[in-house]
Amino acid sequence: MGVNPVFSFANGGNTMQTPKEEMKRSLGLGSALSIVVGTIIGSGIFFKQGSVLDSAGDSTMAILAWVVGGILTLTAGLTIAEIGAQMPYTGGLYVYIEDLYGRLWGFLAGWMQVIVYGPAIIASVTGFMSILMTNFFGLGANWRIPLALITILAIGLMNMFENRVGAAFSVITTIGKLVPIAAIIIFGLFWGHHNALGQTVGEIHAASGNFGVAVLATLFGYDGWILIANLGGEIKHPQKILPQAIIIGITAVLVIYTLITVAVLRFLPASQIHTLGENTTAYLATAAFGPIGGKLLSAGIIISMMGTINGKMLTFPRIVYAMAKRRDLPFSRYLAYLTPKAKAPVVATVFIIVLATVMMIFFNPDRLSDLCVFTVYCFYTLAFFGIFILRKRNDASARPFSTPLYPWIPILAIVGGLFVLVSEVINDPAGVLLFIGVVIVGLPVLYLVKKLDQRRVAKAMNIEHPLDNDKDQ
C-alpha cells in the first residue's frame with residue numbers, strides 16, 4: 001500500500017528546512033524588547049484585577065497569582081529562548097512545532113494561531129480597550145464595537161507599510177505606557193491607605209479560592225511574549241537578540257505587574273474592586289487624579305493598549321505569510337503576497353483584521369481572553385517538551401543560548417502548562433470544546449488544500465490525477 005502523499009509529512013521531526021528569507025532583517029534589540037514589553041503590557045493588567053481577585057478569594061492570593069503567573073511565563077520564555085535561538089526564522093511557534101513533531105503538528109500550531117488565537121487575542125484586547133474609550137469620550141456602550149473597529153483598521157493599515165513603521169510605533173507606545181503605569185504605582189504605594197494583604201471579598205463564595213483560575217487570568221496579562229519569535233526572520237543577529245528580548249522583557253513585566261497589583265489594592269478595597277470589575281482602572285484614574293488627571297491617565301492606558309494591538313497586528317500576519325509560503329492555507333498564493341518595496345504581508349494583514357472583527361462582534365472579551373490562553377498553551381506545552389528533543393538531536397555547539405538550570409526550568413514550564421490546561425477545562429469545558437473543535441477543523445482543510453495543490457501540479461505537468469479517475473468511475 002502506498003503512502004498517502006497528503007499526510008506523509010506527519011511523521012518524524014527532521015523535516016524542517018530553512019525557509020528562504022524574503023523579509024528584511026532590520027529589527028535590533030531595542031525594537032525587539034519594545035515589541036515584547038509592548039505586546040505583553042496591554043489590557044490584562046488593567047482589566048483583569050477584578051477577575052483575578054474574585055477567583056483568588058483574597059488580596060494576598062491575588063498578588064501571589066500575578067507573581068506565579070509571571071514565574072511560569074518566565075520559565076516558558078527561558079525554555080522557548082533556547083529553541084528559538086536555534087530556529088531564527090519567520091513563523092515562531094509554527095516553525096518550532098513543525099521542526100520538532102513534523103508537518104502535520106506544525107500546521108495545527110499555525111492554524112491555531114491564525115484562525116483562533118491571533119484574531120481572538122486582538123479582538124479581546126480591542127474589546128477591553130473600547131470599554132475605556134467609551135468612558136473616556138462619554139459615549140454609550142453601543143459605541144464600543146465601532147470604536148474598536150476603527151482602531152483595528154487604523155493599526156492594520158499602519159502595518160501594511162515597512163516593518164520599521166510598526167516597530168517604531170511599538171517603541172513610542174511602550175515608552176508612553178510607562179507614564180500611566182508609573183503614576184498608578186507611585187500613587188497607590190505612597191498615597192494608598194489600605195493594607196494590600198489579607199483583604200477578602202465577602203460577596204464571593206462560588207469562585208473564591210480557585211487559585212488555578214486566578215493564575216490562568218493573569219497569564220492573559222502576561223501573554224504576547226512569544227510573538228517576537230514570529231519576527232525571527234526580521235531580527236538582526238536573532239540567535240543573540242531573541243533570547244535577550246524574551247528574558248529581559250518578561251522579567252521587567254513581572255516586576256511591573258506585581259507593583260501595579262499592590263498599588264491598586266492599597267488604593268481601593270477588595271470589595272470595591274470586586275464591584276467595579278472591568279471599570280476598576282477607569283474609576284481609580286478619576287478618583288486618584290481628578291477628572292482631568294483621570295482623563296490623561298486613561299488616555300495613556302488607551303495608548304498602551306494600542307501598542308499591544310500593534311505588536312500583535314505586526315506579528316500574526318507573519319504566521320499567515322509563513323504558512324502561505326508553504327501552501328498550507330486556502331488562497332495561499334494571495335496570502336503570501338508581499339508589497340514590492342516594503343515587503344509587508346498586506347493580504348495576510350487584511351485576513352487577520354477580518355477574523356478579529358468577527359470575533360469582536362460575537363464574543364465577550366473576558367471569555368475570549370481565557371480561551372486564548374488555553375488554546376495557545378496546548379502548543380506551548382508541546383514546544384516545552386521539544387527542548388529535550390533538541391538537546392538529544394543537537395550538541396552544545398548548535399545552541400547559541402542554553403536554558404539555565406536545565407532540566408528543571410523546562411520541567412517547571414511543562415508543569416505550568418499542564419496546570420493551565422486542566423484549570424481551564426474545569427472552568428469552561430464548553431468553551432474549551434469549541435476552540436479545540438475549531439483547531440481540529442484544520443485537518444480536513446489541510447487535506448483538501450494539499451489534494452487540490454497536487455491536482456494543480458499534476459495538471460501543470462499533464463499528469464492524470466487520481467481525483468480525475470474517481471470522477472470517471
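Miscellaneous remarks
- The rule of thumb for compact globular proteins, 2.2 N^0.38 Å, goes into the C-alpha radius of gyration of the chain 0.98 times.
- For Asp58, the residues whose amide H sits under 5 Å from its own are Gly209, ignoring neighbours fewer than 5 places away on the same chain, with H placed 1.01 Å from N.
- Once the Cα-Cα distance is subtracted from the 0.36 nm per residue extended length, the Ala154 to Val67 segment shows a gain of 27.9 nm.
- The fewest-to-most ranking of Thr174, Thr218 by surrounding Cβ atoms within 10 Å reads Thr174, Thr218.
- Size check on region 187-334: the Cα extents along the three principal axes, sorted descending, read 57, 38, 32 Å.
- The chain: calculated mean residue ellipticity at 222 nm from DSSP helix runs of at least 4, using -39500 (n - 2.57): -24000 deg cm²/dmol
- The Phe190 and Asn364 beta-carbon pair, evaluated with R₀ = 35 Å, returns a calculated FRET efficiency of approximately 0.45.
- Violating pairs (Cα-Cα greater than 31 angstrom) within the set Lys392/Lys451; Lys177/Lys236; Lys392/Lys459; Lys341/Lys451; Lys48/Lys312; Lys240/Lys325: Lys392/Lys451; Lys392/Lys459; Lys341/Lys451
- The slack between Ser271 and Val354, meaning 0.36 nm per residue of separation minus the straight C-alpha distance, is 26.0 nm.
- Taking all pairs of distinct alpha-carbon atoms in region 281-422, Kirkwood radius in angstrom: 19.2 Å
- As a length-normalised measure over Cα pairs under 8 Å and 6 or more apart, the relative contact order of the chain settles at 31 percent.
- In this structure the amide hydrogen of Leu268, modeled in the peptide plane, comes within under 5 Å of no amide hydrogen from residues 5 or more places off or on another chain.
- When the alpha carbon gyration tensor of region 249-333 is reduced to an equivalent ellipsoid, the three semi-axes, largest first, read 38, 15, 13 Å.
- Using the Cβ-Cβ distance between Arg164 and Thr251 with R0 set to 22 Å, the FRET efficiency works out to roughly 0.25.
FYI, it's all coordinate maths here, none of it is from the lab. Since this is a predicted model, take the numbers as computed values, not measurements. Ideal geometry is used to build each Cβ from the backbone, glycine not excepted, and the neighbour counts take in all protein chains shown.
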